[in-house]
Every structure is written in C-alpha cells, then in structure tokens.
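Note sheet for the following structure.
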Amino acid sequence: MRQEGIGLLNAFALPTAAAVVVTLLARSITSYALHVLAHRVPLLWRMHRVHHSDTAVDLSTGVRHHPFELMFAAACHAAAAVMLGLSVPALIAYEATAVALTFWSHANLRLPSAVERLASFIFVTPAAHHVHHSARRFETDSNYGEVLLVWDWLFGTLHRRDHREVATMPIGLGADHDGDAPSLVRQLALPFRRERGPPIDGEAEAARLG
C-alpha cells in the first residue's frame, strides 16, 4: 500500500492529490472489470445471477449477493490495492461512497428529467442501473458502472433508456428466471448447479420482447 511503500505507485513521486485521483480511478475501473467478468464467465455468472434474480429492484436488491461473489470481489480489490500501492484514505472514501450509491441506484426513485440527463453523464443513477436489471439480456449486459458511468461510455457498454420507460420495463432474468429465487438455500447452492439453457442472444431476445 502507498502508506507502507508497497506497490506500483510508490515507484513514482506522485503528489498526494494525484495519488488520490489514481486510487479512485483504479478502484472504479477494477470494479467495472469484475462486473463485466461476472456476466461473461459462466462460474462467476452463476454467483452473480443471484443479484439479478429479483423481479423488482428495490433497496433489498442492493444487498442480494452470493457470499462467494463478495469474497471473490474483496480478494481481487485487495490484491489490486496492494499491487498498485493505492491510497488507503482514498479507498475508504470510495467504499463509503460506493455503499451509499449502491442503495441509491437500487432504490425506487425517479429523478426529474433534467437532473437524470445531467447526472447520468457521470454517475450511476437509479434509471441507469435499473436498465442493468432489465429482463432483456442485451440490457442486462450493459451499464456495469458502480459509481461512475465513464467506463461504460469509454468501452461502449452504456445503454440508455428514457427513465419513464424504465419504470415499466420487465425486471429479472426473463426467460432464464429461476423459480427457486425465493429460496435462500437454493440460491446459495447456485454456483454448484449447471445453468439451465444457453445464454440468451441479445438481438434475438430484443426482437422477441419488442
């Protein structure tokens, strides 16, 4: 870590302010990358789909995660922090902000149109994140940002919908909906179960759902 003289950033004489900025960006893009992998790697998806099994997004969805996924993400973030020598105070500030925004982005809130347009250019808003929970797989595989949407802008994974449409769109896993979603035991066992059916083709599903 930076305070202990460990990690890549300690090879450079960065001012404190620059180290803080690098730490925040590094933590943010690591979260984005892990989220993308969670959707694309079958084993990780079997853990992450627990989060997507809700058919209505609300505050409880923000804490609906498989414990193995949480442990995997924590290990990856810890490894990145040590290898890069990130700033501990900046990481603490990021984590506090991320927790608050996680609840906010999953809440049943509708921002005024002007505020939604402006905020979603930078930050993850409820409407932007609810699109990520759409029952349409091509929308589920978008808007991976945790705090910032900048990575989705840069890597072409941003999908925008009018926030009024978001309020009425189908939520969950669509045709892949797991009937055992209400069962805690079955959800905990999900990583060890074979996923039923092949991944849904985004274009085909878009045509089917209109």
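Would you tally the residues in region 143-163 being within 19 Å of W104 (Cβ to Cβ) and either over 15 Å from the mean Cα position of the chain (by Cα) or surrounded by 18 or more Cβ atoms within 10 Å (Cβ to Cβ) (or both)?
Of region 143-163, the ones within 19 Å of W104 (Cβ to Cβ) are 143-152, 158, 160-161, 163.
This time we only want the ones that are either over 15 Å from the mean Cα position of the chain (by Cα) or surrounded by 18 or more Cβ atoms within 10 Å (Cβ to Cβ) (or both), so: 143-149, 151-152, 158, 160-161, 163.
The qualifying residues number 13.
Quick one: L70 ticks every box in (1) under 24 Å from L188 (Cβ atoms); (2) of a type outside the set (G, A, S); (3) in contact (Cβ under 8 Å) with a residue 40 or more places away in the chain bar one, so which box is it?
Failed condition: (3).
Being in contact with a Lys or Arg (Cβ under 8 Å, 6 or more places away or on another chain) and of a type in the set (D, E, K, R): is that true of R40 here?
Taking the combined requirement at face value, the residue does not satisfy it.
Just wondering, is there one or more residues in region 55-66 that are among the hydrophobic types (A, V, I, L, M, F, W, C), under 16 Å from R27 (Cβ atoms) and out of contact with any helix residue (DSSP H, G or I) (no Cβ under 7 Å at 6 or more places or on another chain)?
no
Have a look at F68, F72 and point out the one that is in a helix (DSSP H, G or I) and more than 26 Å from F155 (Cα to Cα).
Values: F72 fails: more than 26 Å from F155 (Cα to Cα).
Result: F68 is the single residue among F68, F72 that is in a helix (DSSP H, G or I) and more than 26 Å from F155 (Cα to Cα).
V57 - would you say it is surrounded by 20 or more Cβ atoms within 10 Å (Cβ to Cβ), among the hydrophobic types (A, V, I, L, M, F, W, C) and outside any loop (DSSP other than H, G, I, E, B)?
It is false that V57 is surrounded by 20 or more Cβ atoms within 10 Å (Cβ to Cβ), among the hydrophobic types (A, V, I, L, M, F, W, C) and outside any loop (DSSP other than H, G, I, E, B).
With the condition kept exactly as written, say whether any residue in region 117-134 is surrounded by fewer than 20 Cβ atoms within 10 Å (Cβ to Cβ), without any contact (Cβ under 8 Å) to a residue 12 or more places away in the chain and among the hydrophobic types (A, V, I, L, M, F, W, C).
Yes: region 117-134 contains one or more residues that are surrounded by fewer than 20 Cβ atoms within 10 Å (Cβ to Cβ), without any contact (Cβ under 8 Å) to a residue 12 or more places away in the chain and among the hydrophobic types (A, V, I, L, M, F, W, C).
Test A100 against the stated conditions and say whether it is under 13 Å from the mean Cα position of the chain (by Cα) and in a helix (DSSP H, G or I).
Criteria not met by A100.
Which count do you get for residues in region 148-169 that are assigned to a loop (DSSP other than H, G, I, E, B) and in contact (Cβ under 8 Å) with a residue 60 or more places away in the chain?
1
Quick one: how many residues across region 105-136 are in a helix (DSSP H, G or I) and at pLDDT 90 or above? If you could, list the steps in order and put the result at the bottom.
Pass one, region 105-136, residues in a helix (DSSP H, G or I): 105-106, 113-119, 126-132.
With the extra rule that they be at pLDDT 90 or above, the set shrinks to 105-106, 126-132.
Residues that pass the stated criteria total 9.
Would you confirm whether any residue within region 177-198 is among the β-branched types (V, I, T), modelled with pLDDT of 75 or more and either surrounded by fewer than 19 Cβ atoms within 10 Å (Cβ to Cβ) or not in a loop (DSSP other than H, G, I, E, B) (or both)?
Scanning region 177-198, I find no residue that is among the β-branched types (V, I, T), modelled with pLDDT of 75 or more and either surrounded by fewer than 19 Cβ atoms within 10 Å (Cβ to Cβ) or not in a loop (DSSP other than H, G, I, E, B) (or both), so the answer is no.
Return yes or no: is A26 farther than 21 Å from W104 by Cβ and assigned to a helix (DSSP H, G or I)?
yes
For region 61-74, indicate whether the set of residues that are more than 14 Å from the chain's Cα centre (by Cα) and among the β-branched types (V, I, T) is non-empty.
No, because not a single residue in region 61-74 is more than 14 Å from the chain's Cα centre (by Cα) and among the β-branched types (V, I, T).
The values are calculated or read from the model by the stated rules, or taken from the named source; none is laboratory data. In this text, all values refer to a predicted model and were calculated from it rather than measured experimentally. Glycine also receives a Cβ, built like all others from the backbone with ideal geometry; neighbour counts cover every protein chain displayed.
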